[in-house]
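A.B. asks: If you scroll down you'll find the structure; I have some questions about it.
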Amino acid sequence: MQTSKDYLHVFLDMGDALLNSGAEIFRVEDTLNRMGYACGATHMNVFVITSSIVITMEFPGDGARTQTRRIHECGGNDFTKLEQLNDLSRRFCSHPVSAAELRNEFEKINANRPKPLWKLLGSVLAASSFALFYGGTIPDAITAGVAAILIWSLQKYLRPVCMNEVTFQFAASFLTGCAICGFTLLCPFLHMDKIMIGDIMLLIPGLMSTNAIRDVLIGDTLSGIIRLIAALLLAAALALGFMGAIILFGRFGL
């Protein structure tokens, strides 16, 4: 006979994965609630904010059990993984399985990591396209693509050693801004502003700010405010990084 203890840990892992794939707070709470009732719980209480998940489950004759998970990283974007997790939750709600089977299905999804080269290709394509879209030339687009390779490298190698996301955002934007300013000094025919616009799009916390506004509008005020403040801090660090690079290279006559 399955008990709440069997399901709590896998539910917490799924909630963690949903948050780090770009899911809204409401989606995480609703998904875990539905899965809990589907597996036979008589009472479900799920509380989610960007930094914590609390689940209380009660099964007949088993009493209530509560587990808490501290979320150390939140705000990633992986829509493929998000879609797979949503599909798993729907299949589980339609045909509940044991906690062990659910764990196996979840681990299969969680083990699928996006290939780094695909992310690199997407970064180059996005940066080059935005540079062209905002009025840049072909050389501007090519330069934005080269700078996108630098951003991808920083995300892969610098982010793990940074103390927090704000620190990484400032360092990445400053180094990228310096590289773009250096290219512009070497090649005066380049348009620095168009190149920077293309690469800023790779770092700007757009999904985080969108989800923050949505959270506030649907009543998750606390989570929305936390996400909005985090998005504003990241945007400020992004602006300060590029501004610092422009001021620094302004001394060289840029």
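The values are calculated or read from the model by the stated rules, or taken from the named source; none is laboratory data. All values derive from a computational prediction rather than experimental measurement. Cβ sites come from the backbone with ideal geometry, for glycine too, and all protein chains shown count toward neighbours. When the accessible area is computed, the model is the full protein with side chains, heavy atoms only, and any ligands, DNA or RNA have been set aside. Shrake-Rupley method; radii C 1.70, N 1.55, O 1.52, S 1.80 Å.
A.B. asks: Can you give the longest stretch of the chain with no exposed loop site, where a site means chymotrypsin sites (Phe, Trp or Tyr not before Pro) in a DSSP loop (not H, G, I, E or B) with at most 10 other C-beta atoms within 10 Å?
C.D. replies: 1-188
A.B. asks: What does the accessible area per residue of the stretch 203-254 come to in Å², with a 1.4 Å probe and no ligands, DNA or RNA counted?
C.D. replies: On a per-residue basis, 56 Å².
A.B. asks: How many percent of all Cα-Cα pairs in the stretch 79-149 sit more than 14 Å apart?
C.D. replies: Percent of Cα pairs beyond 14 Å in the stretch 79-149: 68.
A.B. asks: Distance from the Cα centre of the stretch 1-58 to that of the stretch 165-236, in angstrom?
C.D. replies: 31 Å
A.B. asks: Round to a whole number: what % of the accessible area of the stretch 46-126 belongs to carbon and sulfur, probe 1.4 Å?
C.D. replies: Roughly 54 percent of what the probe reaches on the stretch 46-126 is carbon or sulfur.
A.B. asks: State whether the stretch 142-242 is rounded, prolate or oblate according to the following rule on the C-alpha gyration tensor (a ≥ b ≥ c being the square roots of its eigenvalues): a/c under 1.5 gives rounded; otherwise a/b larger than b/c gives prolate, and the remaining case gives oblate.
C.D. replies: Prolate.
A.B. asks: OK, next. Could you tell me which GluC sites (Glu not before Pro) in the stretch 22-74 are loop residues by DSSP with no more than 15 other beta carbons within 10 angstrom of their beta carbon?
C.D. replies: Answer in residue order: Glu73.
A.B. asks: Give, as a single signed number, the net charge of other residues whose beta carbon lies under 10 Å from the beta carbon of Asp220, with Lys and Arg counted +1 and Asp and Glu -1.
C.D. replies: Spelling it out: positives minus negatives among the neighbours equals -1.
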